[in-house]
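One structure is given here, and the rest of the page talks about it.
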Amino acid sequence: MELFTAIFSITYQFGDAFAFLVISCAGLAVIFGMMGVINLAHGEFIMCGAYVTAATARAGLALPVAILCGALAAAAIGMVLERTVMRHLYHRPMDSIIATWGISLIATQGVLILLGPTMQGVGTPLGSMALGDRSYSLYRLVLFAAAVGLLGGLYLLFYHTRFGVIARATIQRPAMARALGVDTRRIYGLTFGLGAGLAGLAGGLYAPTMTMVPTMGATFIVESFVTVVVGGADIFLGAAPAAAILAIIKASLTAWYGQLFGQIGLLVAVIVVIRIMPGGLSAVVKRWQR
Amino acid sequence: MGRGPAFWAAMVAVVLAAAVYPLFSNDYTVGNAAYFLVWTFMAMGLGVVWGYCGALSFGQTAFFGLAGYAYGVITINIGSAYGLTWLALILSVGLGGAFALLIGYFMFYGRIKGVFIGIVTLSVTLVLETFMSQTAGPQWAIGTARLNGFNGMSGMPPLTVPWFSGDVVLYSGTALYYVLLAMVVAVYLGLRMLLNAPFGNVLVAIRENPERTEMLGYDIRLYQMLAFGLGGALAGLSGALYTAWGQYITPSSMGLTSAALPIVWVAVGGRRDITATLLGSVLVIAGFQSLTIYGSQYALVVMGALLVFTVMVTPDGVVATLMQRLGRIFGKAAR
């Protein structure tokens, strides 16, 4: 029994870290992996999703519907931004970093001015269960399921729908896709919106577990970037396995030495990985496939 | 740039104007101006790394913070007698530079390129911030210096110059302003020489086409690492001076918002030329300072908007574009 609770505890922590990494990096991975744009306003899309979720949930909507509202709101804002700013910067990756950074500053401070330094959140649903002498929040299990479901959903979307085929074609050979009659500008807009929506979804899913402050996006951003860097350009071959590996590192280091060492471990992992495989995991996997 | 009588005439005029400025102003404004000068080193360092070498570093505040803390720890331990604060300054700048070389080694020898440099440096900064924030307990002390976690360190001595009639303590004010001005001029001229020398040409070549530069037989990794180390040392100089100026440093000086600041200055000022970077940074910092005084909470919004505007309208930087336009107008008039 002792052994069982220990194993459960470790698995639980691993699942928790895995879910956090996958959910928080999915949107980033779509925007970066498919479009090659580094979106430093990613954390702010997450914040937006969390705020809308909390607001609609307290207005009386059921939590899953509220989370959906959060994701949709972030997606809508993302598409507007793509139309007004990002569209002009696709051929200038460095400048797109700066522009999204500027947007992130405006968003954080704007929310601080409009809504104040903090916002009333929603409580964690589902309660907790006890095993051994510790208790575990059931909602964390839901998050793990959501992470797995998210990966499955994205896989279906990109590999088994018409939109997915067109989107991948557009991103790989824009000129060719345009020649074949694809409205590439629309596809770029939709893909960016999808990434922003996924960020909003992350915010919505984690809204019940966090304090709602305008800078809450910053807690996600480092780890999601680390995951994307380790993973490389492909979401399925890269980001998902990267999240699993990083989750093991983070969970074990956090369990043994505390939060800080978990973070430092992630950083060291990223530097080592880039040192030995610059293209990230997905490049290695692809080479190996051939 | 940096050669010929026109450059030197302009240079002398600017330095003279800066030198007589305290005579027409009160001590408080001069202290403020000194504060702007403290930051210019970090901006110039980023100008070298990003503008000349093409590696966008989000991590300049990591070296800033590291050197700032190092200055605090060293001065608290060795005191300020005999002008030892300058030794502390040199040591902390060296530490900042060495740390930058280390990070640079891993990045450039690991062939990290483009946007990934930004991500790695940003992560370094944020991890360092997290680390310093949790050093609140009494076990986190180096010698007699407590690190104090989130509250930051305070009470370190300002720079002192040993003098015959007792030490001159450089509190914020006219004396410090002159010392900083001299340092800015020295660093600027040094960078100007370095960037006009073959070293600078190689950096620009790497920015324009790394593969071709490598084919010509240059070890671009070495040059990038050295440039990054130089940028880190300059950021460290800003950090140590900042700590000496305010006798205060906190982990938040490495946080996300702080990390954004140097990028805003350099992006808005113009990164392709160290002169534009310097002038632009001073202008943006000064403008920003007055914004924080008159409309504190909107300052960051304006800054973000300024960034987006710069990127969309004048990608080379506002000051650099202005300089080019003026140069073209005067160039026509001279002909």
Query raised in the report: What are the residue pairs meeting all of these: first residue in the stretch A:244-273, first residue under 17 Å from B:Gln134 (Cβ atoms) and within 9 Å of chain B (Cβ to nearest Cβ), second residue basic (Lys, Arg) and surrounded by 17 or more Cβ atoms within 10 Å (Cβ to Cβ), Cβ atoms under 9 Å, and 6 or more apart or on different chains?
Result: A:Gln263/A:Lys250; A:Leu266/A:Lys250
Requested in this report: Any chance you could count how many residues in the stretch B:272-294 are free of Cβ contacts under 8 Å to residues at least 12 places away in the same chain and within 30 Å of B:Ala6 (Cβ to Cβ)?
Outcome: 1
Query raised in the report: List the pairs whose first member sits in the stretch B:19-32 and is closer than 13 Å to B:Ala175 by Cα, whose second member is hydroxyl-bearing (Ser, Thr, Tyr) and part of a loop (DSSP other than H, G, I, E, B), and whose Cβ atoms are under 8 Å apart, counting only residues at least 6 apart or on separate chains?
Result: B:Gly31/B:Ser172
Query raised in the report: Does the stretch A:204-213 contain any residue that is modelled with pLDDT of 85 or more, within 30 Å of A:Gln263 (Cα to Cα) and touching a Cys at 6+ places or on another chain (Cβ under 9 Å)?
Result: yes
Query raised in the report: Is it fair to say A:Ala177 is crowded, with 17+ Cβ neighbours inside 10 Å, part of a helix (DSSP H, G or I), touching a residue at least 24 places away in the same chain (Cβ under 8 Å) and more than 14 Å from chain B (Cβ to nearest Cβ)?
Result: no
Query raised in the report: Would a scan of the stretch B:311-328 turn up a residue that is open to solvent by less than 40 Å² (accessible area, probe 1.4 Å) and facing another protein chain (nearest Cβ under 10 Å)?
Result: yes
**Report entry** Flag if A:Ala66 is open to solvent by less than 10 Å² (accessible area, probe 1.4 Å) and outside any loop (DSSP other than H, G, I, E, B)
**Finding:** yes
Report task. Go through the stretch A:81-96 and count every residue that is more than 9 Å from chain B (Cβ to nearest Cβ) and not acidic (Asp, Glu). Result -> 7
Report task. Hey, could you check the stretch A:238-254 for residues that are open to solvent by 10 Å² or more (accessible area, probe 1.4 Å) and closer than 18 Å to A:Leu151 by Cβ and say which is nearest to the chain's Cα centre (by Cα)? Result -> A:Ala240
Query raised in the report: Counting just the residues of the stretch B:231-279 that are more than 24 Å from B:Ser154 (Cα to Cα) and more than 14 Å from chain A (Cβ to nearest Cβ), which one comes out most open to solvent (accessible area, probe 1.4 Å)?
Result: B:Leu279
Report task. List the helices (runs of 4 or more DSSP H) that sit entirely inside the stretch B:1-94 and contain at least 3 residues that are open to solvent by less than 30 Å² (accessible area, probe 1.4 Å) and in contact with an Asp or Glu (Cβ under 9 Å, 6 or more places away or on another chain). Result -> B:60-78
Report task. Of the numbered conditions (1) on the phi > 0 side of the Ramachandran plot; (2) within 17 Å of the chain's Cα centre (by Cα), A:Gly60 fails exactly one; give the number of that condition. Result -> (2)
Query raised in the report: Of the residues that sit in the stretch B:99-135 and are at the interface with another protein chain (Cβ under 7 Å from one of its Cβ atoms) and part of a loop (DSSP other than H, G, I, E, B), which one is nearest to B:Asn151 (Cα to Cα)?
Result: B:Gln134
Report task. Would you check if there is a residue in the stretch A:124-143 being in contact with a helix residue (DSSP H, G or I) (Cβ under 6 Å, 6 or more places away or on another chain) and at pLDDT 80 or above? Result -> yes
Query raised in the report: Does the stretch A:200-221 contain any residue that is of a type in the set (A, V, I, L, M, F, W, C), buried (at least 23 other Cβ atoms within 10 Å of the Cβ) and within 11 Å of chain B (Cβ to nearest Cβ)?
Result: yes
Query raised in the report: Tell me, which helices (runs of 4 or more DSSP H) lie completely within the stretch B:244-335 with 1 or more residues that are over 17 Å from the mean Cα position of the chain (by Cα) and polar (S, T, N, Q)?
Result: B:274-294, B:299-313, B:318-334
Query raised in the report: For A:Ser104, are the conditions met, namely being within 14 Å of chain B (Cβ to nearest Cβ), open to solvent by 10 Å² or more (accessible area, probe 1.4 Å) and part of a helix (DSSP H, G or I)?
Result: yes
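The values are calculated or read from the model by the stated rules, or taken from the named source; none is laboratory data. Given the structure is predicted, the values throughout are model-derived calculations rather than measurements. Note: ideal-geometry Cβ built from the backbone for every residue, glycine included; neighbour counts use all protein chains shown. All accessible areas refer to the heavy atoms of the entire protein, side chains included, with ligands and DNA or RNA removed. Shrake-Rupley method; radii C 1.70, N 1.55, O 1.52, S 1.80 Å.
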